[in-house]
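The values are calculated or read from the model by the stated rules, or taken from the named source; none is laboratory data. Since we're looking at a predicted model, the values are computed, not measured. Backbone-built Cβ (ideal geometry, glycine too); neighbour counts: all protein chains shown. Note: accessible area is taken over every heavy atom of the protein model, side chains too, but ligands, DNA and RNA are not part of it. Shrake-Rupley method; radii C 1.70, N 1.55, O 1.52, S 1.80 Å.
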Amino acid sequence: MAHRKLFRHPAGTAAAGAAAVATTLALTLGTASGRSSGIDWNAVGRAIGQPLTVEAQDVHTAEWLRTDLHVVNAGVTENPGMELNAEASFHPAGDGRTLMIGEVTLTSSEVNTVADRLQQGGVEVTALHKHLQDENPRLWWLHYWALGDPTQIAHTVHNALAATGIPLSQKPGAERPIALGVAGLDRIIGTKGDNENGVLQYHIPVQQSVSDTRAHITLPYLMEASTLLMFQPLGGGRAAVNGDFTMTADQVNPVIRALRSHGLTVIEVHNHLLYEQPRLFYLHFWKTGDATTLAHDLRAGLDQIHAPGG
């Protein structure tokens, strides 16, 4: 699940510290807790191949876009910001350990090598499935999980991703503008969106507290505990939407009915995790059209999971 960038400064820099001071008290305390856990986040960043980004609720992330691929889905050339990426998110789990949750977009020829390298380093595969319905080349999304020494986990993730065509040395580029009426879409969705390589992304936390039963911690919302809605501008106020609704079992069919009644294609319903409580299900979808209309279509699904706003 692609991430909201709260701080865009590498962990451990003076700029990151200044940004943290400017956040809310709760977030500042959470970040301080990460530092006091004895974890050297700079060392973790070196092991994974890039400085980690500090995000909400003491989450530390690395992300790479699949700029090496030219992907067309249902006639739309996909912006890599539409979750064509690799990512790893770390959160302190006590005693110097971290919980790591991540995913990577893979071609068919990359899947088994990446899965083997992850498992050889003690990182568990938790899911393998599709997020798109008609993409070329054919792609798979591999989800993974680990609990333990963060530097060792980071080395394993980097080693696995090195078996792909992902340019691991990529640097953040200039922020691309979002050619949509963002303020109006924010009002409909009920929260502020974020710019991911020119794609408008929304993260809407689930309303329930979600626990990882092996790590014995509450999952931060950016670690698979939020709905992700993505708008890729297509010109003339039009967009393609993709992403996933994160739901408990009783919400799955109400969301499907709401989305189908508004003409969205339901691609897959599946799990991303193994150890969460309550069990979560992820519904991936697709539609193109007028961006404002699409936002209302998605709002109908958000209403079924009791998301605020709208």
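The count of lysine pairs in the chain with alpha-carbon distances below 25 Å, taking only pairs 8 or more places apart or on different chains, stands at 5. In the context of the full set of protein chains, residues of segment 247-310 present 42 Å² of accessible surface per residue (probe radius 1.4 Å, heavy atoms only). With the alpha-carbon atoms of the chain aligned to their principal axes, the span from lowest to highest coordinate is 50, 45, 40 Å, starting with the largest.
Subtracting the Cα-Cα distance of Asp134 and Arg176 from 0.36 nm times their residue separation leaves 12.5 nm of extension gain.
Projected label points at Arg187 and Thr113, each 7 Å from Cα along the beta carbon direction, are separated by 5.1 nanometres.
Accessible surface computed residue by residue for segment 155-221, with neighbouring protein chains in place and a 1.4 Å probe, gives 49 Å² per residue.
Between Asp68 and Arg279, the FRET efficiency estimated from the beta carbon spacing at R0 = 45 angstrom works out to 0.80. Here the chain has 52 percent of its accessible surface on carbon and sulfur atoms, given a 1.4 Å probe and all protein chains in place. The distance linking segment 145-186 with segment 222-241 is 17 Å (Cα centroid to Cα centroid, whole angstrom). Residues whose amide H comes within less than 5 Å of that of Glu268, counting only those at least five positions distant or on another chain, are His284 (H built at 1.01 Å from N in the peptide plane).
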